[in-house]
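*Asks:* Right, I'll just put the structure down here and ask away after.
The values are calculated or read from the model by the stated rules, or taken from the named source; none is laboratory data. Every value quoted in this text rests on a predicted model; they were computed, and no experiment measured them. So basically every Cβ, Gly included, is an ideal-geometry build from the backbone, and we count neighbours across all protein chains shown. What goes into the accessible areas is simple: the full protein's heavy atoms, side chains included, and nothing from ligands, DNA or RNA. Shrake-Rupley method; radii C 1.70, N 1.55, O 1.52, S 1.80 Å.
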Amino acid sequence: MRFWLRNEEMALEEMVQRLNAVSKHTDEIMHQDITPLCAADIQDQLKKRFAYLSGGRGQDGSPVITFPDYPAFSEVPDKEFQNVMTYLTSIPSLQDAGIGFILVIDRRQDKWTSVKASVLRIAASFPANLQLVLVLRPTGFFQRTLSDLAFKFNRDDFKMKVPVIMLSSVPELHGYIDKSQLTEDLGGTLDYCHTRWLCHRTAIESFALMVKQTAQMLQSFGTELAETELPNDVQSTSSVLCAHTEKKDKAKEDMRLALDEGQSILDSIREPLAKSPEQSLNQDQLDNQTTVQRLLAQLNETEAAFDEFWAKHQQKLEQCLQLRHFEQDFREVKAALDVLAQKIATFTDVGNSLAHVEHLLKDLASFEEKSSAAVERARALSLDGEQLIDNKHYAVDSIRPKCHELQHLCNQLAAEVAQRKGLLNKSLELHGLLEASMKWCDEGIYLLASQPVDKCQSQDGAEAALQEIEKFLETGAENKIQELNKIYQDYEPILTQDLMEHVQKVFQKQESMEEMFHRRQASLKKLAAKQTRPVQPVAPRPEALTKSPCPSPGVRRGSENNSSEGNTLRRGPYRRAKSEMSESRQGRSSSTGDEEESLAILRRHVMNELLDTERVYVEELLCVLEGYAAEMDNPLMTHLISAGLQNKKDVLFGNMEEIYHFHNRIFLRELENYIDCPELVGRCFLERMEEFQIYEKYCQNKPRSESLWRQCSDCPFFQECQKKLDHKLSLDSYLLKPVQRITKYQLLLKEMLKYSKSCEGAEDLQEALSSILGILKAVNDSMHLIAITGYDGNLSDLGKLLMQGSFSVWTDHKKGHAKVKDLARFKPMQRHLFLHEKAVLFCKKREENGEGYEKAPSYSYKQSLNMTAVGITENVKGDVKKFEIWYNAREEVYIIQAPTPEIKAAWVNEIRKVLTSQLQACREASQHRALEQSQSLPLPASSNTSPSKGNARNVKKLEERKTDPLSLEGYVSSTTLPKPPEKGKASPTSPDKKAKRHEVKSDPTPFGLRGWSKTSHPLEAPEDNDGWSSAEEPINSSDAEEEGGVGPRKLVPGKYTIVVDDEKGSPNTLAVRSGDVVEVVQEGEDGLWYVRNLTSSKEGWVPASSLSMLLGKSSSAQCLSSSVW
């Protein structure tokens, strides 16, 4: 830097010296150093033309100054006369002026007195050397005679330093000066124009001044450039360079104009030659030409001096700009390398499994690929710095250390990456050994588990099994861990505490498996070497044949062994048979352990598949979000996005980002915690079941997403993104991944449950599977719900969607038909039913044309029934697939035909649950009001406990109500429960209904509910009587019960007589005996019923299964009290 400053100072000093010389030479050329007088200063005086320098020369080269006839010569002020004389004498060269001037005074038209005065004035004030004075005296006779006499008598007055010659005529003048050197007015041939001469002189002097000023301006400009402080940033340096370049260009432009001006003057001087080649220039014109040429040479010297200085200054600025760019790039590259160094420092994990290590290696390769751009830029910048040094940059001391630092950082990063890659490859190698060992152990355990124990009892079978084991053990040399210490030694750099524990576990498992093999070998060798002994044929007792166990592998034998041992002890004579079978039982015991180990291997396989596919799923989601969704916000990709795709990212991708964050941040990490206990993974699903609801939102948006994709699938944006990602499949395949993934979970859970039935987490797995299936059902149902059109209300107000499906529907109206088309419907309507908690919707299914989700059906809303006024008849005569839904005590009846009996059963059960829950709510409300009125429940007044009488009375009541199935309106008094609304709206009860309700006798129970004895049906009871609503208790309406009363009877509240003693009663349940009268109060949770023993005045909970058995052993036990609870 200092060297460069010295160079610049030297360049500036050199330029200043040269420009000073130019100014000095310019003054010398123009004689400004002697007579600093310009034509422009005395232009008006010169225009009077009382004296002029025509350019003529005497015989010895003396300049000729002509004083033409000028009548007012005497009136010219002395100052003006002196200025003109001084200026005219300064024009010729110093050499010519040194010879002396010849003065030609033309006074032919003047008087002698004027001649005398003019000569005396000139002689007195002429500023230069005079060689000769020639006077053309007056031409008039009188004046000429007078002048002759006066000159003779006054000769002494004209004594001067030079001779004064009086000439009488022009020819005499030609004797002293050649005609070619005299102007035309003096009889000569010299071409002279005073105006042109004055113009040339003014232009030459102006040009000389321009040359001098240009040199001074460049000198000042150079000093300014040299004294400019160099900025420290790229922008400022660029600005300075641009500003200086602009000033330089302006100076160059000024010099170009000056050169043009000088050339123009030179052409003007040479103009006579251009017009007539025969004509020549006079001496003054030649002098002017020489002057202009010398000035042009000085101007060229000025330009050369400045160009040389500017080249050095520009080089300095450009090198400064290069340095600032280099420093800025260095800062950016160093920051990027520092970030990469920090990132590579985080790559400390060596992996906990083979798949994990492969994933880490993939991440490291991705990091290396992404960091390669920064490393390449750093190396390129270092080469640029070296190039600057080679080009003799002035800041070598600043550039060289930075180049070395860049090279060091690049080498250090490469070394770190290589080290991490080496460690991960070591880890990959170790995990490969561990995986191979574990796989070998699993295969060995599977081999032991797959060997049939029964076949191994024979000598041939034992030898074959022994050969299989020996052949398998031979493969251990390639797969098993040979020396644990050697593993520790070879892989010491990567052995963390967790990995070391994992190695120890694998090695222990390997040793345990080898020990199992050695034990199996020893047993098989005994069996293979055992000699067959003759056995006395003994006929076994028949019961011994039934007790001989032949269990299959995989079943626990603990209880079986105990029972077998007990039976054998009781069969004393057959102890020898037991001793012969003891070895077989030992084989089965070891087989059971092998079976458990095999199941553990299968569970681990399922868990590995779950984890591997989960990682792949997360990576695919991230790939879509980064490669497609994020690129939609990239300004560089905007031009590729079609108009129809603008601002549609949320429509296309839905809530995929939310799904990704859930799986990446939460679910995947929690799954990895269950890698060592896969049978407990159901808990992970159960804990995060609420989060899985996000899939419902994604699936609901899927139709819009697919529609948008079909419209814009050929957009160049998608093609460019797919090309960048190197995907073989288009985006729509990846948008389907979340739908595929949520359905994949239930398959994996089924597999895990299949191999974990006897494990601790089996119940959690079953619950998780049910929950996932419930989510799938909810997703499927929601897809149908959003397709409903024409419903004015809010579907969410109807409660949870419980069921949906397509059915054939017939309608029947008790009070006429609302429409003509409702009359005598023989052909059913095709309706899609949606069962909610508060209503059931009837819709018409309409198939749509299109592809994908656009082909999905839509549903036109037709009507809805409020569940508070709905009842059902479970069986319709003539078709096991039909059931009835009736409304407002059968004012409207809808006969529903399901596709299959199973679907019908599912719907009936779900509707029954809804109605039961409504009934339970009514009971609780009534019980609450009753408890407020009374502290205890009154006992029924009836004393008739005869089963036969009670049964007969119930049958009679049932026959009375054949034609009017039970409903909430028919069994709830007007003061107890509200009237059911009609189709969602409240309506007054019809008069006939009121009358019918008043016919029912008042019930002493606080609930005002009657008719619970409907459970008992005669054999000939019609199927129509299977109907019930939320006002009655659900009944068992199966065909088996209707035909003969076989099967479990549905329990309903009421009074019963116990017909069987409770021998197996537990301490926590109510004890009853045969003949006790009990009151079944209500059903609780977990299949328990709350029962009062009216005989012992005790009450408590009884399991439903026990209660059904205690009450249902004989037909006489099915009696119900006339007064029910």
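Residue-wise test of (1) over 21 Å from the mean Cα position of the chain (by Cα); (2) in a helix (DSSP H, G or I); (3) under 24 Å from Leu495 (Cα atoms); (4) among the hydrophobic types (A, V, I, L, M, F, W, C).
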| position | (1), (2), (3), (4) |
| --- | --- |
| Lys334 | yes, yes, no, no |
| Leu337 | yes, yes, no, yes |
| Ala341 | yes, yes, yes, yes |
| Phe347 | yes, no, yes, yes |
| Val350 | yes, no, yes, yes |
| Asp363 | no, yes, yes, no |
| Ser371 | no, yes, no, no |
| Arg377 | yes, yes, no, no |
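*Asks:* OK, next. Go through region 764-784 and report how many residues are of a type in the set (D, E, K, R) and closer than 18 Å to Ser796 by Cβ. So that I can check it myself, show each step before the final result.
*Replies:* From region 764-784, those of a type in the set (D, E, K, R) are 764, 767, 777, 781; that's our starting set.
From the residues that got through so far, the ones that are closer than 18 Å to Ser796 by Cβ too are 777, 781.
Residues flagged as of a type in the set (D, E, K, R) and closer than 18 Å to Ser796 by Cβ within region 764-784 amount to 2.
Listed here are the residues, each with its yes/no results for (1) hydroxyl-bearing (Ser, Thr, Tyr); (2) surrounded by 19 or more Cβ atoms within 10 Å (Cβ to Cβ); (3) at pLDDT 85 or above.
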residue	(1), (2), (3)
Pro171	no, no, yes
Asp178	no, no, yes
Gln181	no, yes, yes
Gly188	no, yes, yes
Thr195	yes, no, yes
Leu198	no, no, yes
Ala203	no, yes, yes
Leu209	no, no, no
Lys212	no, yes, no
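*Asks:* I'd like the residue in region 791-815 that is polar (S, T, N, Q) and loosely packed, with under 14 Cβ neighbours inside 10 Å and, out of all such residues, is farthest from His836 (Cα to Cα).
*Replies:* Top of the filtered list is Asn794.
*Asks:* Next question. Anything in region 703-744 that is under 19 Å from the mean Cα position of the chain (by Cα), outside any helix (DSSP H, G or I) and surrounded by fewer than 17 Cβ atoms within 10 Å (Cβ to Cβ)? List them, or say none.
*Replies:* Correct list: Asp726, Ser730, Leu736.
*Asks:* So, one more: So the check is Cβ under 8 Å with 6+ separation or different chains; which pairs have a first residue in region 306-330 that's over 14 Å from Asn391 (Cβ atoms) and a second one that's not in a helix (DSSP H, G or I)?
*Replies:* These pairs meet every condition: Leu317/Leu230; Arg324/Pro231; Arg324/Asn232; Arg324/Asp233; Gln328/Asp233.
*Asks:* Could you name every one of the helices (runs of 4 or more DSSP H) located completely within region 166-270 that has at least 2 residues being within 25 Å of Glu303 (Cα to Cα) and β-branched (Val, Ile, Thr)?
*Replies:* Of the helices (runs of 4 or more DSSP H) lying wholly inside region 166-270, those with at least 2 residues that are within 25 Å of Glu303 (Cα to Cα) and β-branched (Val, Ile, Thr) span 194-227, 234-269.
Conditions (1) within 20 Å of Ser236 (Cα to Cα); (2) among the aromatic types (Phe, Trp, Tyr); (3) open to solvent by 30 Å² or more (accessible area, probe 1.4 Å), marked per residue:
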{"residue": "Glu308", "(1), (2), (3)": "no, no, yes"}
{"residue": "Gln315", "(1), (2), (3)": "yes, no, yes"}
{"residue": "Phe326", "(1), (2), (3)": "yes, yes, no"}
{"residue": "Ala341", "(1), (2), (3)": "no, no, yes"}
{"residue": "Thr348", "(1), (2), (3)": "no, no, yes"}
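*Asks:* Can you confirm whether Ile165 is modelled with pLDDT under 85 and open to solvent by 20 Å² or more (accessible area, probe 1.4 Å)?
*Replies:* Taking the combined requirement at face value, the residue satisfies it.
*Asks:* Of all residues being more than 17 Å from the chain's Cα centre (by Cα) and free of Cβ contacts under 8 Å to residues at least 40 places away in the same chain in region 610-641, which is surrounded by the most Cβ atoms within 10 Å (Cβ to Cβ)? Just the residue, please.
*Replies:* Checking each candidate, the answer is Val616.
*Asks:* If you don't mind, another one. Could you give me the residue pairs with C-beta distances under 9 Å whose first residue belongs to region 228-250 and is touching a residue at least 60 places away in the same chain (Cβ under 8 Å), whose second residue is open to solvent by less than 80 Å² (accessible area, probe 1.4 Å) and among the β-branched types (Val, Ile, Thr) wherever it lies, and which are 6+ apart or on separate chains?
*Replies:* Leu230/Thr237; Leu230/Val240; Pro231/Thr237; Pro231/Val240; Val240/Thr228; His244/Thr228
*Asks:* May I ask you to say which residue of Ala818, Ala905 is among the aliphatic types (A, V, I, L, M), at pLDDT below 90 and over 49 Å from the mean Cα position of the chain (by Cα)?
*Replies:* Values: Ala905 fails: at pLDDT below 90.
Of the residues listed, the single one that is among the aliphatic types (A, V, I, L, M), at pLDDT below 90 and over 49 Å from the mean Cα position of the chain (by Cα) is Ala818.
*Asks:* Any idea which of (1) modelled with pLDDT under 50; (2) under 27 Å from Glu837 (Cβ atoms); (3) charged (D, E, K, R) is the one Lys913 doesn't satisfy?
*Replies:* (1)
*Asks:* Here is a further query. Within region 469-481, is even one residue open to solvent by 80 Å² or more (accessible area, probe 1.4 Å) and either in contact with a helix residue (DSSP H, G or I) (Cβ under 7 Å, 6 or more places away or on another chain) or in contact (Cβ under 8 Å) with a residue 60 or more places away in the chain (or both)?
*Replies:* No, every residue in region 469-481 fails to be open to solvent by 80 Å² or more (accessible area, probe 1.4 Å) and either in contact with a helix residue (DSSP H, G or I) (Cβ under 7 Å, 6 or more places away or on another chain) or in contact (Cβ under 8 Å) with a residue 60 or more places away in the chain (or both).
*Asks:* So which residues in region 404-442 are of a type in the set (D, E, K, R) and either within 17 Å of Lys505 (Cα to Cα) or exposed (fewer than 13 other Cβ atoms within 10 Å of the Cβ) (or both), if there are any at all?
*Replies:* Glu435, Lys439, Asp442
*Asks:* Being open to solvent by 60 Å² or more (accessible area, probe 1.4 Å), farther than 26 Å from Lys312 by Cβ and among the acidic types (Asp, Glu), is that true of even one residue in region 240-250?
*Replies:* no
*Asks:* Would you check which residues across region 1075-1098 are at pLDDT 70 or above, open to solvent by 30 Å² or more (accessible area, probe 1.4 Å) and under 24 Å from Thr916 (Cα atoms) and list them?
*Replies:* Gln1082, Glu1083, Leu1088, Tyr1090, Arg1092
Yes/no per residue for (1) within 30 Å of Glu706 (Cβ to Cβ); (2) out of contact with any helix residue (DSSP H, G or I) (no Cβ under 9 Å at 6 or more places or on another chain); (3) of a type in the set (S, T, N, Q); (4) not in a loop (DSSP other than H, G, I, E, B):
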{"residue": "Phe834", "(1), (2), (3), (4)": "yes, no, no, yes"}
{"residue": "Ile896", "(1), (2), (3), (4)": "no, no, no, yes"}
{"residue": "Trp907", "(1), (2), (3), (4)": "no, yes, no, yes"}
{"residue": "Thr916", "(1), (2), (3), (4)": "no, yes, yes, yes"}
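*Asks:* Shifting gears a bit: Given the conditions (1) open to solvent by 40 Å² or more (accessible area, probe 1.4 Å); (2) at pLDDT below 85, and given that Val22 satisfies all but one, which numbered condition is not satisfied?
*Replies:* (1)
*Asks:* Further, regarding this structure: Have a look at Gln322, Gln285 and point out the one that is part of a helix (DSSP H, G or I), touching a strand residue (DSSP E or B) at 6+ places or on another chain (Cβ under 7 Å) and of a type in the set (S, T, N, Q).
*Replies:* Matching residue, one of Gln322, Gln285: Gln285.
*Asks:* May I ask you to list pairs of residues, at least six apart or on different chains, whose Cβ atoms are under 7 Å apart, with the first in region 94-120 being open to solvent by less than 30 Å² (accessible area, probe 1.4 Å) and the second being among the basic types (Lys, Arg)?
*Replies:* From residues that are open to solvent by less than 30 Å² (accessible area, probe 1.4 Å), the pairs are Arg107/Arg137; Val115/Arg107; Val115/Arg137; Ser118/Arg107.
*Asks:* Working carefully through the options Glu767, Glu760, find the one that is of a type in the set (D, E, K, R) and modelled with pLDDT of 90 or more.
*Replies:* Working: Glu760 fails: modelled with pLDDT of 90 or more.
Answer to the selection: Glu767.
*Asks:* Could you say which residue among Tyr674, Tyr660, Tyr695 is of a type in the set (Phe, Trp, Tyr), in a helix (DSSP H, G or I), out of contact with any His (no Cβ under 9 Å at 6 or more places or on another chain) and open to solvent by 10 Å² or more (accessible area, probe 1.4 Å)? Lay out the reasoning, then the answer.
*Replies:* On the way: Tyr674 fails: in a helix (DSSP H, G or I); Tyr695 fails: open to solvent by 10 Å² or more (accessible area, probe 1.4 Å).
Going through Tyr674, Tyr660, Tyr695 in turn, the sole match is Tyr660.
*Asks:* OK, next. Given the structure, is Leu652 touching a residue at least 12 places away in the same chain (Cβ under 8 Å), under 30 Å from Gly761 (Cα atoms) and surrounded by 17 or more Cβ atoms within 10 Å (Cβ to Cβ)? Walk me through how you get there before you give the answer.
*Replies:* Details: touching a residue at least 12 places away in the same chain (Cβ under 8 Å): yes; under 30 Å from Gly761 (Cα atoms): no; surrounded by 17 or more Cβ atoms within 10 Å (Cβ to Cβ): yes.
Here the answer is no, as Leu652 does not meet what is asked.
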